[in-house]
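See structure below.
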Amino acid sequence: MKKVDIVLFEANGKVEGVSPTVRQCGIKSLGLKALEAYLVNDGYSVEIIMQDEQTTKKLTKKILSLKPKIVGATATTCEIPVTAEIMRAIKDFDRKIVTVVGGYHVSAYPETIYPGYVQANGVDSSGISLLVLGEGEITLSEIAKKVIRDKDFFNMRYVDGVVSYYEDYQERMTKTRPRERIKNLDLLPRIKWTKKELASNKFNGMMYRPKEGYVSAVISERGRPFGCSFCSTQSTYGNYVATRSIKDLVDEIEFLIKEKEVNMFVDYSPTANRDHKRIHKFCQEVRRRGLQKKFSLYTLWRLQSPKGKFLVNEEIVADLSDAMYGLKIGFGIESLSKKDESLLEKNNSVKYIKQVSRWFDKHGALMRGFYMITPETDEKSIVGCETSEIISCFDDLRVTHLTPFPGTQFDNALNYRLLTKNWTNYNCEQPVIQSIRLSRSEEHTSELQSH
């Protein structure tokens, strides 16, 4: 029977209907793949398991069959309850297995897990031994050294970026000093995708692609220069952004195109258009290597900075469209009214959105919109800030509900309007904050009409 040192997993509770998260990309977790690359480079055997369509019970059984010494997971807010359930089952089976959870939620607000999460939500999370705060590659590798090589689990105080929890002391939470950010992303081991993994990757939504081929995820930078008031990324990263060199990024893209038959890439960088010179250099390198029109690209941009500076111009749209076979960009357009703009601390000019849409149409690029219903949203803002013309600017539009991370300043300010504290509902697909301007029936009707 196969044995591994470390199992990494991501649970979604989909089969049981626990957290019906709708994702724009059905791609194996890029975070877990980055951890795998780093740990394998350090000499550990690693297996990644995605829950996908299998039951929680079957997923747990599969993890235990590999007899790991460490089980690690990444989890969003809505995935924490089912992740804790799996970890508890693992601990019940073998108390010696060290269980670790990371991700944006636990990184920014670990205090919501211990002991508050147990008390507030009625879910026993005692199966979790450690939390990893921030980037996990170096931290998890140091944990593995303590557990597997040194056999010294209880000496985590020398590992930066860790929250320790011991079930004998449920009121105690021990946090080490913050882990220093990884500044040179080029030094990280290259993620290795298998053909089986690539075959299971999917992109949900229209996209122009050159031919039959695979989808892969890449990341050109880490960090969040413009944090949203409702999100935890700013608390996790601050304003610091670490970038990969253009050479290293295009090296990876070229390898995946030529060796793995990939012809579409999803860049998970949160604000990939913040540096226009960098975009032009990327396009130049793509052409120089003969990769022009060999692949399609999807990524997220921001229309305007918090201070209202325009972050899109025709030149970058034209350059990328010329270099790519297909280009699709996702924009958050939730702040279309003055009240939402004030609430979210975010600018979006309707006039500017229309101009950007004309540039995209002119150069054959696609625009995707993400619109969040907020407590301030009314019927007029749902159809585009007093005009339905805004809807036609986008090739597809996803309507979601504003879902603040527990522990954020935004969450605390609207705590009195929360409809639920059950984290399984924090999936953006259903309201968790009571609307000020819409009745519940109007809220759901508007959502369906916008879809």
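Among the residues of the range 83-96, those identified as of a type outside the set (S, T, N, Q) and open to solvent by less than 10 Å² (accessible area, probe 1.4 Å) are ALA84, ILE86, MET87, ILE90. For the residues SER245, SER235, the requirement of being surrounded by fewer than 20 Cβ atoms within 10 Å (Cβ to Cβ) and modelled with pLDDT under 90 singles out SER235. When each of ARG172, ARG209 is tested for being surrounded by fewer than 18 Cβ atoms within 10 Å (Cβ to Cβ) and either modelled with pLDDT of 90 or more or assigned to a strand (DSSP E or B) (or both), the lone residue that passes is ARG209. Modelled with pLDDT of 80 or more and not in a loop (DSSP other than H, G, I, E, B) - does that describe any residue in the range 433-450? Looking for residues that are modelled with pLDDT of 80 or more and not in a loop (DSSP other than H, G, I, E, B), one finds at least one in the range 433-450, hence yes. Which of the residues that make up the range 121-152 are within 20 Å of ILE86 (Cβ to Cβ) and modelled with pLDDT under 85? Passing the criteria: ASN121, GLY122, VAL123, ASP124, SER125, SER126, GLY127, ILE128, SER129. Filtered by the rule that a residue be open to solvent by 20 Å² or more (accessible area, probe 1.4 Å), in contact with a strand residue (DSSP E or B) (Cβ under 9 Å, 6 or more places away or on another chain), in contact (Cβ under 8 Å) with a residue 60 or more places away in the chain and not in a loop (DSSP other than H, G, I, E, B), the range 37-82 gives VAL40, THR74. The residues of the range 1-36 that are assigned to a loop (DSSP other than H, G, I, E, B), of a type in the set (Asp, Glu) and modelled with pLDDT under 95 amount to a single one, GLU16. Among residues of the range 269-286 that are open to solvent by less than 40 Å² (accessible area, probe 1.4 Å), those with a Cβ under 8 angstrom from a residue that is among the aromatic types (Phe, Trp, Tyr), sequence gap 6+ or separate chain, pair up as THR271/PHE226; THR271/TRP301; ALA272/TRP301; ASN273/TRP301. Against the definition (more than 20 Å from the chain's Cα centre (by Cα), at pLDDT below 85 and open to solvent by 60 Å² or more (accessible area, probe 1.4 Å)), how does ARG157 come out, yes or no? Yes: the conditions hold for ARG157. Say we look at the range 384-398 and pick out the residues that are surrounded by fewer than 19 Cβ atoms within 10 Å (Cβ to Cβ) and at pLDDT below 80; which of these is nearest to LYS339 (Cα to Cα)? The selected residue is GLU386. Kindly indicate whether LYS96 is of a type in the set (D, E, K, R), out of contact with any Pro (no Cβ under 8 Å at 6 or more places or on another chain) and in a loop (DSSP other than H, G, I, E, B). It is true that LYS96 is of a type in the set (D, E, K, R), out of contact with any Pro (no Cβ under 8 Å at 6 or more places or on another chain) and in a loop (DSSP other than H, G, I, E, B). Counting only helices (runs of 4 or more DSSP H) that sit wholly inside the range 309-383, those with at least 1 residues that are open to solvent by 50 Å² or more (accessible area, probe 1.4 Å) and at pLDDT 85 or above are 314-323, 350-362.
The values are calculated or read from the model by the stated rules, or taken from the named source; none is laboratory data. These numbers come from a predicted model, not from an experiment. Methodologically, a virtual Cβ is constructed for each residue, glycine included, from the backbone with ideal geometry; neighbour enumeration extends over all protein chains shown. Protein only, heavy atoms only, side chains kept; ligands, DNA and RNA dropped before computing areas. Shrake-Rupley method; radii C 1.70, N 1.55, O 1.52, S 1.80 Å.
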